[in-house]
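The values are calculated or read from the model by the stated rules, or taken from the named source; none is laboratory data. Everything quoted here is computed from the prediction, not taken from an experiment. Positions of Cβ are generated from backbone atoms using ideal geometry, with glycine treated the same way; all protein chains shown enter the neighbour counts.
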Amino acid sequence: MVQYRRNRAENGTYFFTVTLKDRRSDLLVQNVEILREAWRNAASRVRHDILAAVILPDHLHALITMRDASDDYPRLWQDIKKGFTRRLETRSSPWQPRYWEHTIRDQEDLQAHSDYIHINPVKHGLVSRAVDWPYSSFHRLLNRGIVQTDWACGEAFSGQFGEPVD
């Protein structure tokens, strides 16, 4: 089996993409409360802060700062995936076995990945405005007055999302 090297930095901040095996599935949004419960239980074992997150039908993105001494995000994702699968009472895991991880380098990188998370439902054609997607931390930013309901709307918007192009 291939051994993947994962970058770890004490109290590091990471961007993750976690995906279902069936990319046509809507399992995550149909069972969003089960996913949230699994995540809460995992958080009691592996401390972390969620800076931004979005749950889409077949995958999720999250921007997380680890708060455990070992930055054990592999255990966090293992606990979330297993907890979700157990609560679904299914025989096989719906998840792809691995996930994408990116270590956040600086404030600009953090903002680009946060924006990517919040624009993702629009990018996938699920809604026309970020504010219209119910399973997103965008609403937390909206409630804090950090963004407006028309964030990223209109032809003039040209945000930098995701990985920078060199």
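Scan the range 4-23 and give yes if some residue there is more than 26 Å from residue 112 (Cβ to Cβ), at pLDDT below 95 and surrounded by fewer than 20 Cβ atoms within 10 Å (Cβ to Cβ), otherwise no. I'd like the intermediate steps shown before the answer.
Let us first name the residues in the range 4-23 that are more than 26 Å from residue 112 (Cβ to Cβ), namely 21-22.
Next cut, at pLDDT below 95 only: none.
Within the range 4-23, not a single residue is more than 26 Å from residue 112 (Cβ to Cβ), at pLDDT below 95 and surrounded by fewer than 20 Cβ atoms within 10 Å (Cβ to Cβ).
Return the residues of the range 60-79 that are assigned to a strand (DSSP E or B) and surrounded by fewer than 21 Cβ atoms within 10 Å (Cβ to Cβ); say none if nothing qualifies.
Start the filter on the range 60-79 by keeping residues that are assigned to a strand (DSSP E or B), which leaves 60-66.
Of everything in the range 60-79, just one residue is assigned to a strand (DSSP E or B) and surrounded by fewer than 21 Cβ atoms within 10 Å (Cβ to Cβ), namely 65.
Matching residues to (1) under 16 Å from the mean Cα position of the chain (by Cα); (2) of a type in the set (S, T, N, Q); (3) at pLDDT 85 or above; (4) farther than 21 Å from residue 60 by Cβ:
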site	(1), (2), (3), (4)
115	yes, no, yes, no
144	no, no, yes, yes
151	no, no, yes, no
157	no, no, no, yes
162	yes, no, no, no
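Please find, within the range 132-142, the residue that is surrounded by the fewest Cβ atoms within 10 Å (Cβ to Cβ) out of those that are hydrophobic (A, V, I, L, M, F, W, C) and modelled with pLDDT of 95 or more.
The extreme case among them is 133.
Between a residue in the range 133-150 that is under 21 Å from residue 28 (Cβ atoms) and any residue that is at pLDDT 95 or above and assigned to a loop (DSSP other than H, G, I, E, B), which pairs come within a Cβ distance under 8 Å, given they are 6 or more apart or on different chains?
Correct list of pairs: 133/126; 133/127; 135/56.
If you go through the range 77-132 one residue at a time, how many are without any contact (Cβ under 8 Å) to a residue 24 or more places away in the chain and of a type in the set (A, V, I, L, M, F, W, C)?
3
Being within 27 Å of residue 129 (Cα to Cα) and surrounded by fewer than 18 Cβ atoms within 10 Å (Cβ to Cβ) is the filter here; which residues of the range 39-57 pass it?
Selection gives 49, 50.
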